[in-house]
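Only the coordinates and a few stated rules stand behind these numbers; no lab work does. Since the model is a prediction, treat every value here as computed from it, not as a measurement. Cβ atoms come from the backbone with ideal geometry, glycine included; neighbour counts cover every protein chain shown.
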Amino acid sequence: MNTAITPEKLYQDYHEKVERYISSHVSNEHDRADLKQQVFLNAISALDGYDPARSAPGTWLYVITRNAVTDYYRRRSREPVPAEMETLDQPEERSLLADVEDRLLTQELLETLADALERLPERERNIVILRFYHGLSAQETADRIGVSYANVRVLQHNALKKMRRYLSVCETDHL
C-alpha cells in the first residue's frame, strides 16, 4: 500500500469535495450516497497503484469520481424507464455553486497552463502553440519554423515534460 496517503486521510481530506462533485451531477439522494461510497471503495482498492509522482491525491481522486459518475449514467442509460416514471426522475439543474466552481477551476487551470507555457524557451513555446493550439502536424510545424521533423518531436517532448513538471509542482502547492 502507498504510505503517502492512508484511506482515512484520503476520506478526511476529500470526502466533501467528492460529495460536492457528485451532488452537482446526480439528483437522486440515494444514488449520490451510493456513488460516494463506491468512489472511496474504488480509491482504497486502487491505493496500491497510486503514484504521487504522477499526480496529486486530489487529482487522482477526481478522476475516480468522474469515472464513477460516468459509469453511473452509462448504467442508467441501459435501464428502461417506465413511462409513468419519466417525469418523476428528471435530473435537477446543476446548482449555481457547481457552475461557479467549474468556471473557477477552468479559469485557474487555464492560468496555470499559460504560466507553464510562458516558462518555456521561445522555440519550445512556439512548437506547443503550433501543435496543440493551431492543430498543426509535426511536419507542418517543422516546415513553419524551419527545423527538422525529428527536432520538432524532441523539442515538443522536452516542452511537455517541462510543463508537466511545472503543473505537478503547482498542483502540489494547491493541495
Which whole-Hz couplings ³J(HN,Hα) result when phi for each residue of region 21-29 is put into the Karplus expression 6.51 cos²θ - 1.76 cosθ + 1.60, θ = phi - 60°, listed in order with x for Gly and Pro?
4, 4, 4, 6, 10, 10, 8, 6, 4
Under 5 Å, built H, 5+ apart or other chain: amide partners of SER27
GLU92
Going 7 Å from the Cα of ALA53 in the Cα-to-Cβ direction, what parts of region 121-163 have a backbone nitrogen less than 20 Å from that spot?
157-163
Between GLU16 and VAL63, what is 0.36 nm times their sequence separation minus the Cα-Cα distance? Round to one decimal in nm.
15.4 nm
Estimated vicinal HN-Hα couplings, Hz - region 132-149 in sequence order (Karplus 6.51, -1.76, 1.60; Gly, Pro = x):
9, 8, 8, x, 6, 6, 4, 5, 4, 5, 4, 5, 5, 9, x, 10, 6, 4
